[in-house]
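**Student:** Structure incoming, see below.
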Amino acid sequence: MNRHQAEEAVRTILNYIEKTNRKDPPREGLEQTPERVISMFDEIFSGYAQDPSEILDSTFNGEGYDGIVLLKNIEFHSTCEHHLQPFSGHGHIAYIPVDRIVGISKLARLLDAHSKRLQNQERITKDIAEDLVNHLSPLGAAVILEASHGCMKCRGVMKQNSTMVTSSMKGAFFDNKEARNELMQLIKE
């Protein structure tokens, strides 16, 4: 589908929302809405153009560091694939290196790459943890996401203060209670 077809699809949806079969030009506020919506889609769904393996391809010698590496409170925004509603929150991404470490901005970029797609929170969580395992071969990898979902706030059950928490623990974080407890303590600090 090309850009013009996508803009026409937005016009059709606008006519549906307003319950019109518009033959007259749209009111001023809607004239450029299809173009703006498609530009917004290009931005908020830019994760489809990002390859997690390229994000994690640049590593550094860990110089024997064998403790937990944690980047916490990373803001993220995504779109629910079920209702096209936004969800946003923050994530915590951790790993225990063996030989190689990755720049901390790469962890934030990894979360962005996955969240800037039509998603569900569980998939983002699982996929990031698997990316860390596959590309860094750490002793352990952990991802915890906490998010508020528009589909819970604006429709259906309308629960304004609910937060969904998902986690994926791999390797030492899954197998070793002490490693998991240390991680949780670091997140709380």
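Throughout, read-outs are computed from the coordinates displayed, never taken from laboratory work. The shown structure was predicted, so the numbers you read here are calculated from the model rather than taken from an experiment. So basically every Cβ, Gly included, is an ideal-geometry build from the backbone, and we count neighbours across all protein chains shown.
**Student:** What is the total of Lys pairs in the chain with C-alpha atoms under 16 Å apart, excluding same-chain pairs fewer than 8 positions apart?
**Tutor:** Values: 72/106; 72/188; 106/116; 116/126; 126/170.
Count of close lysine pairs: 5.
**Student:** Further question: Using log10 I(q)/I(0) by the Debye sum over Cα atoms at q = 0.11, 0.15, 0.17, 0.18 Å⁻¹ as the read-out, say which of [x] -0.45, -0.90, -1.21, -1.39; [y] -0.59, -0.91, -1.08, -1.16; [z] -0.48, -0.89, -1.13, -1.25 was calculated from these coordinates.
**Tutor:** The calculated read-out lines up with [y].
**Student:** Restricting to Cα atoms and excluding each atom paired with itself, what does the Kirkwood estimate give for region 3-44 in Å? Mind dumping the intermediate values first?
**Tutor:** Working: mean 1/r = 0.0940 Å⁻¹.
Kirkwood hydrodynamic radius for region 3-44: 10.6 Å.
**Student:** So if the hydrodynamic radius of region 98-138 is defined as the Kirkwood radius over C-alpha pairs, what does Stokes-Einstein give as its diffusion coefficient at 20 °C and 1.002 mPa s, in µm² per second?
**Tutor:** On the way: Rh = 10.8 Å.
For the chosen part, D equals 198 µm²/s.
**Student:** If packing is taken as the average number of other Cβ atoms within 10 Å across a peptide's residues, how do 6-13, 90-97, 106-113 rank, most packed first? Present the calculation step by step, with values, prior to reporting the outcome.
**Tutor:** Numbers: 6-13: 14.6, 90-97: 23.0, 106-113: 21.5.
Final packing ranking: 90-97, 106-113, 6-13.
**Student:** OK, next. Identify which of 30, 56, 136 has the largest mean-square fluctuation in a Gaussian network model of the chain, with springs joining Cα atoms closer than 10 Å.
**Tutor:** Among 30, 56, 136, the largest GNM mean-square fluctuation belongs to 30.
**Student:** What residue among 89, 171, 64 has the largest mean-square fluctuation in a Gaussian network model of the chain, using Cα springs under 10 Å?
**Tutor:** Checking each option, the largest mean-square fluctuation is seen for 64.
**Student:** Any chance you could list P(r) for region 20-59, counting all Cα-Cα pairs in 10 angstrom bins from zero, rounded to whole %?
**Tutor:** 23, 28, 22, 14, 10, 3
**Student:** With a 10 Å cut-off between alpha carbons and a GNM built on the chain, which of 167, 115, 39 moves the most?
**Tutor:** Judging by the Gaussian network model, the answer is 39.
**Student:** Subtracting the Cα-Cα distance from 0.36 nm times the residue separation, let me have the gained length for residue 159 to residue 88 in nm, one decimal. Please list the in-between numbers first.
**Tutor:** Details: separation 71, 0.36 × 71 = 25.56 nm, distance 1.50 nm.
Residue separation times 0.36 nm, minus the Cα-Cα distance, leaves 24.1 nm.
**Student:** Any idea what diffusion coefficient region 39-84 gets from Stokes-Einstein, in µm²/s, Kirkwood Rh on alpha carbon pairs, 10 °C, 1.306 mPa s? Write out the running numbers ahead of the final one.
**Tutor:** On the way: Rh = 14.3 Å.
Value of D from the Cα-based Kirkwood radius: 111 µm²/s.
**Student:** In addition: Whole angstrom only: what separates the Cα centroid of region 53-116 from the Cα centroid of region 140-175?
**Tutor:** 15 Å
**Student:** Going by how many other Cβ atoms sit within 10 Å of their own, how do 74, 38 line up, fewest first? The partial results should precede the final answer.
**Tutor:** Details: 74 19, 38 16.
Result, fewest neighbours first: 38, 74.
**Student:** Per residue, how big is the convex hull around the C-alpha atoms of region 136-189? Give it to me in cubic angstrom, could you? Before the final figure, lay out each step's value.
**Tutor:** Details: hull volume 5.8 nm³, N = 54.
Taking only Cα atoms, region 136-189 has a hull volume of 107 Å³ per residue.
**Student:** Then there's this: What's the extension gain from residue 81 to residue 186 if we count 0.36 nm per residue and subtract their Cα-Cα distance? Before the final figure, lay out each step's value.
**Tutor:** Working: separation 105, 0.36 × 105 = 37.80 nm, distance 3.20 nm.
Fully extending the segment from residue 81 to residue 186 adds 34.6 nm.
**Student:** Given contacts defined as C-alpha pairs under 8 Å and at least six residues apart, what's the relative contact order of region 8-119, whole-number percent? Before the final figure, lay out the partial values.
**Tutor:** On the way: 135 pairs, mean separation 34.7, N = 112.
After rounding, I find 31 percent.
**Student:** Relative contact order, percent, of the chain when contacts are C-alpha pairs under 8 Å separated by at least 6 residues?
**Tutor:** Values: 300 pairs, mean separation 36.0, N = 189.
In percent, rounded to a whole number, it is 19.
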